[in-house]
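Each remark here refers to the structure printed beneath this line.
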Amino acid sequence: MSTTSNIVTLLAIAAAVVVGLAILIAKRASKGDANATDQFKAKRLLSANEIEFIGRMESACPEFRFHAQVSMGAILDPAVPSSDRKAFMRIRGQFSQKIIDFVAQDRQSGEIVAIIELDDRTHKAEIDNKRDAMLKSAGYRTIRWGSKNKPSAVVIRAELFGAQRVLLTPTETIQTSPT
């Protein structure tokens, strides 16, 4: 066999391998795309209990905007320079996948007024205390209410405003005990 025919044969084999790999990759990609829709399903953002409660908070404090199911990564950053990538990512990993039930935000200023947790049987005090400490170190106040014994609108308003005199309407006030 001549050198030219060897080169032609090798090129033909290389082309066949490339075409074969391209076909294999295309089949796997199309198979993955076809099954991708089978891998996901919709889920409710809030339970019926949480929907009722956010409505109660919105009625009690129309001055605030309430955000549900907020990632702690949306409101916290590590207190180390991002140039220290290793420390930054280690600290961020402590909270980035955690979710807060509700965030109360002042409509006018945009400031976060409080972090609100609606605790049920799935909450564990040790874990909650660590989360609350992280939030407190960033300057946030966490309010925890029981899921089965949710507060009234008056109590919600008093706690969120944190004042001794809580405005209910322009002409009606209620005295609350200091916290």
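Just to be sure I understand the filter: pairs with C-beta atoms under 7 Å, separated by 6 or more residues or on different chains, first member in region 60-74 and among the basic types (Lys, Arg), second member in a strand (DSSP E or B). Which pairs pass?
Arg65/Gln105
Just to confirm my filter: which strands (runs of 3 or more DSSP E) fall fully inside region 23-135 and include at least 2 residues that are among the β-branched types (Val, Ile, Thr) and surrounded by 12 or more Cβ atoms within 10 Å (Cβ to Cβ)? Reasoning before the result, please.
On the way: elements: 64-71, 99-106, 112-119.
Per the criteria, 99-106, 112-119.
Could you say whether any residue in region 146-157 is touching a strand residue (DSSP E or B) at 6+ places or on another chain (Cβ under 9 Å) and at pLDDT below 50?
Scanning region 146-157 turns up no residue that is touching a strand residue (DSSP E or B) at 6+ places or on another chain (Cβ under 9 Å) and at pLDDT below 50.
Give me the pairs: first residue in region 122-145 and touching a residue at least 40 places away in the same chain (Cβ under 8 Å), second residue aliphatic (A, V, I, L, M) and part of a helix (DSSP H, G or I), beta-carbon distance under 8 Å, and six or more apart or on different chains, which are they?
What qualifies is Arg131/Met72; Met134/Met72; Leu135/Met72.
When you go through Ser82, Ser59, Ser96 one by one, which is the residue that is under 22 Å from the mean Cα position of the chain (by Cα), under 30 Å from Gly146 (Cβ atoms) and of a type in the set (S, T, N, Q)?
Values: Ser82 fails: under 30 Å from Gly146 (Cβ atoms); Ser59 fails: under 22 Å from the mean Cα position of the chain (by Cα).
None of the others qualify; the one that does is Ser96.
The values are calculated or read from the model by the stated rules, or taken from the named source; none is laboratory data. These figures come from a predicted structure and were not determined experimentally. Reconstructed Cβ throughout: ideal geometry from the backbone, glycine too, with neighbour counts over all protein chains shown.
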